[in-house]
Each structure stands twice: as C-alpha cells, then as structure tokens.
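**Student:** One structure is given below, represented as structure tokens, and several questions about it will come after.
The values are calculated or read from the model by the stated rules, or taken from the named source; none is laboratory data. Just so we're clear, the structure is a prediction, and the values are computed from it rather than from any experiment. Backbone-built Cβ (ideal geometry, glycine too); neighbour counts: all protein chains shown.
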Amino acid sequence: MTIQKITPFLWYSAEAEEAAAFYASIFPDSRVTRVTAVPSAGSTKVVEFVLFGQPFIAMSAGRLDAFNHSISLMVNCADQVELDRYWNALLEGGGAPEECGWLKDRFGVSWQIVPTDILDMLADPDPAKATRAADAMLKMVKFDIATLKAAYVGTTD
C-alpha cells in the first residue's frame with residue numbers, strides 16, 4: 001500500500017478486521033492488505049485495507065469513543081442502481097437507515113450514499129433550483145435520484 005499524507009483511521013472495539021473485510025466485499029477495487037497483531041497490546045490489531053483504491057487503516061483496541069456523525073464516509077453514486085446496491089449492502093447485518101441519504105452500518109460507522117451531482121444541485125446559483133433540490137432531499141431517507149432531479153428542474157410539485 002502506498003503511504004498517503006492523509007489516511008482515514010477507524011478505531012473499532014474489536015471488529016476492525018471483520019469491518020474491513022465487509023467493506024472490501026462491497027466496493028470494487030477494494031481489499032484487506034495486511035492485518036498486524038500489536039505485540040504487547042493484548043488483542044489489539046491494526047488492519048490496513050483499500051476501498052475504491054483509497055487506503056484506510058482500522059484498529060481493534062477496545063472501546064474508546066463510539067463512532068458518531070461528526071465523521072462519515074460519503075459514497076458518490078452515478079445512478080440509482082449503484083446507490084441502491086451500496087445502500088442495501090451497508091445495511092446488511094444490522095445497519096440502520098437515517099435521513100438525507102445517511103445510514104449507520106452494523107459497526108456504527110456513518111455513511112452518506114449520495115448521487116454524484118447532489119452537491120452541484122445544492123450549490124446551483126439559481127436559488128429556486130437549489131431550494132427545490134434541498135427540499136426534496138430533506139424529505140428522503142434513501143435518495144431517489146429521479147425524484148431529486150425532477151424537483152431540481154421543477155417538474156414535480
């Protein structure tokens with residue numbers, strides 16, 4: 001794995017290896033690259049993995065702080081099929097859907113599963129278009145791309 005200047009690091013109580021394998025099974029160009037038991041640190045393991053070509057590191061080292069919404073992983077999806085696939089896969093085994101395209105996976109990590117162009121819609125210089133997109137988004141749990149785009153262009157109520 002190439003050393004990155006900034007690499008996301010996730011701390012799990014005990015399931016870093018399981019979580020990394022779960023994520024790698026969902027996304028293309030993803031794999032667990034190394035699992036290292038930390039000498040003299042009990043059951044602590046460091047897990048290096050790649051998701052969509054992006055390096056991550058996870059650690060199983062007992063409970064410190066639970067994951068929360070302050071940090072999430074955003075997955076940009078080109079179409080509804082891709083969005084539905086990642087949404088459903090990340091919910092497997094006990095995840096929970098949340099508002100506005102967010103979900104928590106079974107390990108407690110927050111994810112945003114979004115259409116690739118959602119930020120462009122929300123930042124549109126035409127305030128009517130941006131407002132319609134935001135209003136539609138705020139009514140959704142899992143995003144419906146066709147409904148968002150229809151609201152954005154103004155073809156729905």
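**Student:** Would you please name the residue that is surrounded by the fewest Cβ atoms within 10 Å (Cβ to Cβ), looking only at residues in segment 105-156 that are in contact with a Gly (Cβ under 6 Å, 6 or more places away or on another chain) and part of a strand (DSSP E or B)?
**Tutor:** GLN112
**Student:** Could you grab me the full set of residues in segment 52-72 that are aliphatic (A, V, I, L, M) and either touching a helix residue (DSSP H, G or I) at 6+ places or on another chain (Cβ under 7 Å) or not in a strand (DSSP E or B) (or both)?
**Tutor:** Passing the criteria: ALA58, MET59, ALA61, LEU64, ALA66, ILE71.
**Student:** For GLY94, only one of the following conditions fails: (1) buried (at least 17 other Cβ atoms within 10 Å of the Cβ); (2) over 18 Å from PHE27 (Cα atoms). What is its number?
**Tutor:** Failing condition for GLY94: (1).
**Student:** Moving to a separate point now. Could you please give the count of residues in segment 114-157 that are under 22 Å from ASN88 (Cβ atoms) and acidic (Asp, Glu)?
**Tutor:** Total meeting the criteria: 2.
**Student:** Among (1) surrounded by fewer than 18 Cβ atoms within 10 Å (Cβ to Cβ); (2) touching a residue at least 60 places away in the same chain (Cβ under 8 Å); (3) among the hydrophobic types (A, V, I, L, M, F, W, C); (4) touching a Phe, Trp or Tyr at 6+ places or on another chain (Cβ under 6 Å), there is one condition ALA19 misses while meeting the rest; what is its number?
**Tutor:** With (1) surrounded by fewer than 18 Cβ atoms within 10 Å (Cβ to Cβ); (2) touching a residue at least 60 places away in the same chain (Cβ under 8 Å); (3) among the hydrophobic types (A, V, I, L, M, F, W, C); (4) touching a Phe, Trp or Tyr at 6+ places or on another chain (Cβ under 6 Å) applied to ALA19, the lone miss is (1).
**Student:** Does SER30 fit the bill of being surrounded by fewer than 17 Cβ atoms within 10 Å (Cβ to Cβ) and either among the acidic types (Asp, Glu) or outside the structural domain of LEU90 (by TED's automatic domain parsing) (or both)?
**Tutor:** no
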